[in-house]
Amino acid sequence: DFGRSSELAFVVEPSDDIAVQEQPLILYCQVEGIQPITITWRKNGVMMVDSENAFVLANGSLYVSRFQRLRGDGSSDEGEYDCMAQNHYGLVVSRKAKIQAATMSDFHIHPQNAVVEEGGVARFQCQIHGLPEPVILWHKNSMPVNTDNERYTLLPKGVLQITGLRAEDSGIFHCVATNIANVKFSREARLTVSGSHSRAYKDPMILVGPENLTLTVHQTAVLECIATGNPRPIVSWSRLDGRPIGVEGIQVLGTGNLMISDLTVQHSGIYVCAANKPGTRVRRTAQGSLVVQAPAEFVQHPQSISRPVGTTAIFTCVAQGEPPPQITWLRNGQILETSDHIKLKNNNSTLSIYGINQADEAIYQCLAENSAGSTQASARLTVLWADGLPSPPQGVRAETVSATTIQVSWEKPLQNTKEIIGYVLHIRKAADPVEMEYQEAVSKSTFQQLVTDLEPSTSYSFYIKAYTSRGASKASEVTVVSTLGEVPAMPSLFIKVINSTTVQATWEPSIKLGQHEGFKLYYRKVHLSQYTGPVLLASNVTAYNITHLDASVVYEVKLLAYNQHGDGNSTVRFVSLRETVERTVLNPPCDCMKDEQNNKTSTTGIIIGIHIGVTCIIFCILFLMFGYRGRLLMCKNVQEQLSTPQIPRSQRSATGLVLNGATRRDRDDRDLNGKQLDMNELERLFPASPSQEQQEKGIMLAHNLSAPHDETQISTLPLDEFSVIEEQPDSLPKNPHGSSPAAPAPDHGPANEG
């Protein structure tokens, strides 16, 4: 075995083949590995026995002396064959080889007679099924068609296209199909070329478009497209998804057939053939789909590994193909069945073996298979086992301590205890898969372990292993025990005073409470010993109103959660209604909505007033600049003209402003409280005395004749008391003081108070 691989693996595997009737067939199988190696064969999953017709050669290949598609007893040599190789370390199985008999059927499509005008297009077709795919050639007048003529196009599927027909193309055509099984001839068809080439316009038309094809990678696809029309249409190809077709391996046959060589999966798609009238947008289209399949192949092979007893072994096998392959695992040639310690994940790409022992030592195979083909890869698991390891720990017991704690105890192994360096306790929820297991290390002098942070009312499994520097013992017996049930935790409680006789108890449902059936509510006066209650509430209730209380005393409210294991701890709150009653008497509740509405109204009034005032001032300035007549700026509360001599401050009159000589006596009382401006402020607002020009424009101030004339009484002019009226200066006589009488201004109230 020097220089040879120790792994049992295939060097040559049997491949798919097509066998000829009554001819010998050889299926090859070559294996390497540590001898002795035994090779056997299976057909359709059944072990084959050497016979006169089929037997295994010395090199491991299978020899079939006379292949028979159908024997007298009804059996057939067709089927799926695989090769099995076995040595001391395990067994491997080859890929499946599909063996079919070479055949050829009769023609199911024969060429048809055709009459085509000169310059047109003629198409003949014949179809026949066979294994392997028959090669079809065409004959004209019993002679092979000249393929050097560029007007003649032969397609692989038995199609003959002739473009630009001429008189000499007339003749008798037939096709010949050939494969290793037979040779067959189709019926004859006559082509007649009639008349001269017509110059009449004809819309482009596609006679035959592409068919839907399903092929395998590396094969050749031919998409047919033949079009007619006058002038001759231009044929072009595109993909429906907009991706470019590319140029590598692409060839155009004849006037528009598309050939794609060495297919890949990326060539899959829908192809569109378009026949365009030259120089226009007139076009006709036809489309066909191309599906390219790829046999399964491995992206990642499983690797042989060695692991100590009790550890975990993981094999990874990743395959690709189109369609995506299915993965199957074998153990020594047999389909692997999953169990508690053997798991398949990631669409069978990952094989995990937990807590391995000597019985798990074997050759594991990954088979990847799809409709385009199959492949296999193998790996060996070696379980490391050292002599003199301790025997399994004895007397494993588990006792429940609380809802979250279990104590596990055990006794030391019976054999080989001197080299023990410690123990490992394996812990898992009984309902969880093996991969959810976790461990806790324990010193060699300790024979018990308190396992904490467990879940209440849950079953757990435990087993122990003893460890040395050379490996671990076998696992002890498994013991299963459940934790105790747990009462719910304390709920959070809040008390809200509703009125002088009612309070509301509210609480929040929490995951921390655990499993609970409901709540119990108690309450009492603090000076009494007896509670009222319990009030039983469902687990989904989160509030309860306590009514008919006495406002003069303090109450104690208690809430707890309960379940089948008992009552949980309670939460207690104290509440007094006395302060609530006193606050209600001393501080009656305010109508916040009304105050808010008033504030909004007041603010709105101020804004509207400012806008009106600014608008009035702008109109006044515009009227003064452009000299429009007939507009009077009416100002309320002005008592006298600005040009009237001042009177002493002590003799100031409380009379208000008059507008154009009309006294507003009904506002005297309100004007007394108006804000006064000194002369400096007045001169700033009105820098000059009213001139004759201003009087002609209708801006006049009059004074009360009954008031003294040593000083002028001034009042503020609120913006909301300005008004504008029409005047007729020509029709009204002037008064002795030079002011124009006017109709009394209407007594408008403020536009917006505040």
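The values are calculated or read from the model by the stated rules, or taken from the named source; none is laboratory data. Everything numeric here is computed off the predicted structure, so don't read it as measured data. Glycine gets a Cβ as well: all are built from the backbone with ideal geometry, and neighbour counts include every protein chain shown. SASA here: full protein model, heavy atoms, side chains in, ligands and nucleic acids out. Shrake-Rupley method; radii C 1.70, N 1.55, O 1.52, S 1.80 Å.
Round to the nearest 0.05 the FRET efficiency obtained for Thr38 and Leu207 when R0 = 56 Å and r is the Cβ-Cβ distance. The formula returns an efficiency of 0.35 here. The calculated FRET efficiency for Glu117 paired with Gln251, based on their beta-carbon distance and R0 = 41 Å, is about 0.85.
For a modelled paramagnetic label at Asn357, 7 Å from Cα along Cα-to-Cβ, the residues of the stretch 432-470 in reach, with backbone nitrogen under 15 Å, are 463-466.
Test of the criteria: in the stretch 204-311, which trypsin sites (Lys or Arg not before Pro) are in a DSSP loop and have at most 11 other Cβ atoms within 10 angstrom of their Cβ?
Answer by residue number: Arg281.
Legend: residue pairs Lys184/Lys277; Lys343/Lys429; Lys343/Lys474; Lys496/Lys520, Cα-Cα distance threshold 29 Å; pairs beyond threshold, Lys184/Lys277. With a Förster radius of 25 Å applied to the C-beta separation of Glu517 and Asp453, the computed FRET efficiency comes to 0.50. What the Cα atoms of the stretch 308-442 give is an Rg and a Dmax of 19.5, 61 Å. Which part of the stretch 324-361 falls in the paramagnetic zone of Val291, meaning amide N under 17 Å from the point 7 Å along Cα-to-beta-carbon? Inside the label zone: 324-326. DSSP finds beta bridges in the stretch 301-384, and of those with both partners inside it, around 85 percent are antiparallel.
Compare the peptides 77-83, 208-214 by average per-residue count of other Cβ atoms within 10 angstrom and give them in order, highest first. Intermediate values should be presented prior to the final figure.
Details: 77-83: 20.7, 208-214: 16.0.
By packing density, highest mean first, the sequence is 77-83, 208-214.
Since only Leu351, Ala368, Pro308 are under comparison, the one whose Cα sits farthest along the positive direction of the charge dipole of the stretch 301-384, derived from C-beta charges on Lys, Arg, Asp and Glu, is Pro308. Here the peptides 271-278, 390-397 are ranked by packing, the mean other Cβ count within 10 Å, and the order with the highest first is 271-278, 390-397. On the principal axes of its alpha carbon atoms, the stretch 494-577 extends 39, 25, 17 Å, with the longest extent given first.
Using 0.36 nm per residue of separation minus the Cα-Cα distance, give me the extension gain between Ser500 and Lys444 in nm, one decimal.
Values: separation 56, 0.36 × 56 = 20.16 nm, distance 6.98 nm.
In short, 13.2 nm is gained.
Remark: the stretch 106-181 carries 49 Å² of accessible area per residue (probe radius 1.4 Å; ligands, DNA and RNA excluded). The peptide list 323-329, 68-74, put in order of mean Cβ contacts within 10 Å with the highest first, becomes 323-329, 68-74.
So for the stretch 378-431, considering every pair of alpha-carbon atoms, how many percent are separated by more than 14 Å? Beyond 14 Å sits 68 percent of the P(r) for the stretch 378-431. Using a probe of 1.4 Å on the protein chains alone, the accessible area found for Met104 is around 30 Å². Taking amide H positions as modeled 1.01 Å from N, with prolines and chain starts lacking one, the residues under 5 Å from Thr192 and 5 or more places away or on another chain are Ala114, Val115, Val116. Distance between the modelled labels on Val572 and Ile421, one decimal in nanometres: 5.7 nm (7 Å Cα→Cβ projection). Largest first, the extents of the alpha carbon coordinates of the stretch 387-482 on the three principal axes equal 41, 25, 18 Å.
Distance between the 7 Å Cα→Cβ label points at Asn545 and Leu70: 9.1 nm. The distance between label points at Phe185 and Thr216 comes to 3.4 nm (points 7 Å beyond Cα on the Cα→Cβ vector). Given a 1.4 Å probe and the protein chains as shown, Tyr467 ends up with an accessible area of around 60 Å².
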